[in-house]
Structure formats: structure tokens, C-alpha cells
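The values are calculated or read from the model by the stated rules, or taken from the named source; none is laboratory data. Note that the coordinates shown come from a computational prediction; the quantities given were computed from them, not determined experimentally. Glycine gets a Cβ as well: all are built from the backbone with ideal geometry, and neighbour counts include every protein chain shown. Surface areas here come from the heavy atoms of the whole protein model, side chains and all, with no ligands, DNA or RNA. Shrake-Rupley method; radii C 1.70, N 1.55, O 1.52, S 1.80 Å.
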Amino acid sequence: MLATGCAAVNRFELAKLCRRAENEFVGAHVGIMDPFISCNGQAGHALLLDCRSLECRLLPIPADVSLVICNTMVKHELASGEYNTRRVECEEGVQRLSRRLPHLHALRDLGVEDLDHYRRDLPETIYKRCRHVVTENARVRAAAAALEKEDLATFGRLMAESHISLKNDYEVSCPELDLMVELAGQVGGVFGARMTGGGFGGSTVNLVDRRCVENFQISVSSAYKKSTGLDPQILVSSAAAGAAEVMASTAADDFISSNSDSR
């Protein structure tokens, strides 16, 4: 529960309301992952989330690595509608496959072997969309196991595989994102890099040895600008706690307080 000045807020319910607002008011058919981590994140941890049951597990991020966000400074117009298109394509895949697999309610219920076995029942584009989701689910489970063992080499390899799948199967990347990931892979101390967010521009997320962050910033920024003419925004971050009420006095409050004390 999140205590506020008025009442206690259930973070799980708040995340559901945030998703509902995006779905019904904004019109984006997004899932619950982003609002859930925004409400329930814990400092220094990743969070493994089951989006169906909302069961979650915290995974510690080693203290000697940083999350480095590289903003490509581009946003292609395709992004606004393509997310919904991908959602529809995946739903079509479930509908087609459920004729063969009656137990199938979502792609999360499907294994790679079953998907390949019934590939002939799917148009090529639908198959590729489904393949991304099914293989990404497997990568997430493997990545969680790697993080629990502090196996950053495996975690980074899975990040790279995820980006390739987003690029080739889900087709939500763009040349600038691909370049940013490629440049990151050429810098020492980088464990992994991939696009993040809705795609078609935006940012990459990189897992970098803290000792190598400064060199990473300089190298990637210089090479990216040389290739694109754009100055990227590179932010060094850490996993933070979820949203909370911030209690802080303003300058006016301080002024009033200090003058009251002096009387």
C-alpha cells in the first residue's frame, strides 16, 4: 500500500487503472508492464512480472553496473499506430492456432515447438510476430535466471537476441536504433544493448560496467553524431523505486518558517 496525504493506495490497483486509461482514453492497446513497474519498482532491482496473474519477483541488479539510456533523438511517425497493429496481428495468430490447439488463450501458452509445428497455418507475417512473442517469453525467463546468478554475459547475450527479434520478427526497430545498438557493442565494458519502448525511434537501454560508463558516453555519442549528424542524449541511471508521494518544503515554506522562528 502507498500512503498518501488522503488515503492508502493499492499499487496493484493503481497500475490497473493506469493501463485502463491508456487503453480506453488514449486508445493505445498496451499491456500493464510499464504502469506496473512505475508503481511497484524497487531500487537496485529488476522485476520479473507475470502479466496474467500479476505475480512478480524482484531480481537484484549488481551494484557495479549502470543502466545507460541512449536517446536516438528520432521518432518516426509509424510508432503511433504500429503498436496496435502488432497487437491485432498477435491476436490473429492466437485465433488461427486455437483451431488446432483448443487450450490456447494467449501466445504465452504456446511453446516454440508447437509454433513451428503449426507454422503452415499462419501467414508469414503473423508467424513472425508470434515467433517474437514466444521466443521473447523464453528469453525473459532465461534472463531472470541469469540475473539471479549475476551471469551478466548471458544476460547481455539475451539482450542482443531480443533486439534482433524486435528488428527482424516484430519489425519495430529503425536504422537509428540498430546503429545505436551496433555502436554500443563496439565499446568495452558493455554487457548488452537493445531497443526499449515502442520502437521506430526513441531509446536503447545498455548494461555497462560502471568503470566504463564515461568512455561509453564519449565513444557512442561521437560515433553516432558522425554517422547521423544528431547529438544523442545519453543518460546514466540506476533502477529506482516506484512512484511515491514526495514530501518537501518549498522555498516559501522555509521563508515563513524561518521568519516565524525569529519572532
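Details
- Selection over the range 195-223 of residues that are touching a residue at least 60 places away in the same chain (Cβ under 8 Å) and not basic (Lys, Arg) gives a count of 17.
- Scanning the range 2-61 for residues that are of a type in the set (Ser, Thr, Tyr) and at pLDDT 90 or above yields SER38, SER53.
- Whichever residue in the range 34-45 is open to solvent by 30 Å² or more (accessible area, probe 1.4 Å) and in contact with a helix residue (DSSP H, G or I) (Cβ under 9 Å, 6 or more places away or on another chain) and, among such residues, is farthest from PRO62 (Cα to Cα): ASP34
- Given (1) on the phi > 0 side of the Ramachandran plot; (2) of a type in the set (Gly, Ala, Ser); (3) touching an Asp or Glu at 6+ places or on another chain (Cβ under 9 Å), index of the condition GLY27 fails: (3)
- For GLY188, the conditions (1) outside any helix (DSSP H, G or I); (2) over 18 Å from the mean Cα position of the chain (by Cα); (3) surrounded by 15 or more Cβ atoms within 10 Å (Cβ to Cβ) are fulfilled apart from (3).
- No other residue among ALA193, ALA223 is surrounded by fewer than 20 Cβ atoms within 10 Å (Cβ to Cβ) and in contact with a helix residue (DSSP H, G or I) (Cβ under 6 Å, 6 or more places away or on another chain) apart from ALA223.
- Options LEU122, LEU101, LEU107: the member that is of a type outside the set (Val, Ile, Thr) and within 20 Å of the chain's Cα centre (by Cα): LEU107
- Complete set of residues in the range 70-89 that are open to solvent by 40 Å² or more (accessible area, probe 1.4 Å), touching a Phe, Trp or Tyr at 6+ places or on another chain (Cβ under 9 Å) and basic (Lys, Arg): LYS75
- Among the numbered conditions (1) assigned to a loop (DSSP other than H, G, I, E, B); (2) in contact (Cβ under 8 Å) with a residue 60 or more places away in the chain; (3) open to solvent by 70 Å² or more (accessible area, probe 1.4 Å), the only one that HIS29 does not meet is (2).
- Flag set for ASN137, criterion: over 30 Å from LYS225 (Cβ atoms) and polar (S, T, N, Q).
- When each of LEU59, LEU67, LEU107 is tested for being open to solvent by less than 50 Å² (accessible area, probe 1.4 Å) and free of Cβ contacts under 8 Å to residues at least 60 places away in the same chain, the lone residue that passes is LEU107.
- With respect to the conditions (1) under 28 Å from PHE155 (Cα atoms); (2) open to solvent by less than 40 Å² (accessible area, probe 1.4 Å); (3) modelled with pLDDT of 95 or more, VAL94 falls short on a single one, namely (1).
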